[in-house]
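Peer 1: Just dropping this structure here.
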Amino acid sequence: MNHYSQHVFHTAYSVLRDAKEAEDASQEVFIQVYKALPQYRSEGFKTWITRITLNKAIDMKRKLSRKPPEQLPGEHDEVLDKLPSRDEDVVSLLIHKERREELREKIEQLPDNHREIITAFYLDEKNYEQIATELNVTVKTVESKLYRARQWIRKSWKEEEWK
């Protein structure tokens, strides 16, 4: 629930456009998910829970359309102000991208023998086996090359430059 609650709420809200109704739908979704777990076939949990959420939200929207409107105009504006913002996600992505670019520039200054192994491991996020295959060396060689590259960085760069 903790992992998917925001996703479920945002999905329900995108259909219902009402925070209270989206909260109600979210609660019903998690009850339905709990009941339906034995039938779940391990085929993309997020997709499965999104489908359940959309179906639940559409059902609720149909029920709401049959009721006379009780909301005053302008109430939606207040709800939108209270919705959780995703700006933090955008900011953290930008910061991560900026740090990654700074790191890439620093790595370009490394000696050739260290640059290749550091780039493969930290920027390309390859594991030891993948690097060993690409470089046609053993995993132990990859480990020792990474060790030597890290030692060179610790010795050659100021601490604030590599942390």
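Peer 1: Return yes or no: is ILE153 within 21 Å of HIS96 (Cβ to Cβ), in contact with a Phe, Trp or Tyr (Cβ under 6 Å, 6 or more places away or on another chain) and either at pLDDT below 90 or of a type outside the set (A, V, I, L, M) (or both)?
Peer 2: It is true that ILE153 is within 21 Å of HIS96 (Cβ to Cβ), in contact with a Phe, Trp or Tyr (Cβ under 6 Å, 6 or more places away or on another chain) and either at pLDDT below 90 or of a type outside the set (A, V, I, L, M) (or both).
Peer 1: Moving to a separate point now. Between a residue in the stretch 48-61 that is part of a helix (DSSP H, G or I) and any residue that is of a type in the set (Asp, Glu), which pairs come within a Cβ distance under 7 Å, given they are 6 or more apart or on different chains?
Peer 2: Close Cβ pairs satisfying both conditions: LYS56/GLU28; MET60/GLU21.
Peer 1: Looking at the stretch 36-69 only, could you name the residues that are closer than 15 Å to SER14 by Cα and exposed (fewer than 12 other Cβ atoms within 10 Å of the Cβ)?
Peer 2: Once the filter is applied, which keeps residues that are closer than 15 Å to SER14 by Cα and exposed (fewer than 12 other Cβ atoms within 10 Å of the Cβ), the stretch 36-69 yields only ARG62.
Peer 1: Consider the stretch 7-36. How many of its residues are within 17 Å of SER65 (Cβ to Cβ) and either of a type outside the set (Ser, Thr, Tyr) or out of contact with any helix residue (DSSP H, G or I) (no Cβ under 6 Å at 6 or more places or on another chain) (or both)?
Peer 2: 11
The values are calculated or read from the model by the stated rules, or taken from the named source; none is laboratory data. Remember, predicted model here, so these are calculated numbers, not experimental data. Here Cβ is always computed from backbone atoms with ideal geometry, including for glycine, and neighbour counts include all displayed protein chains.
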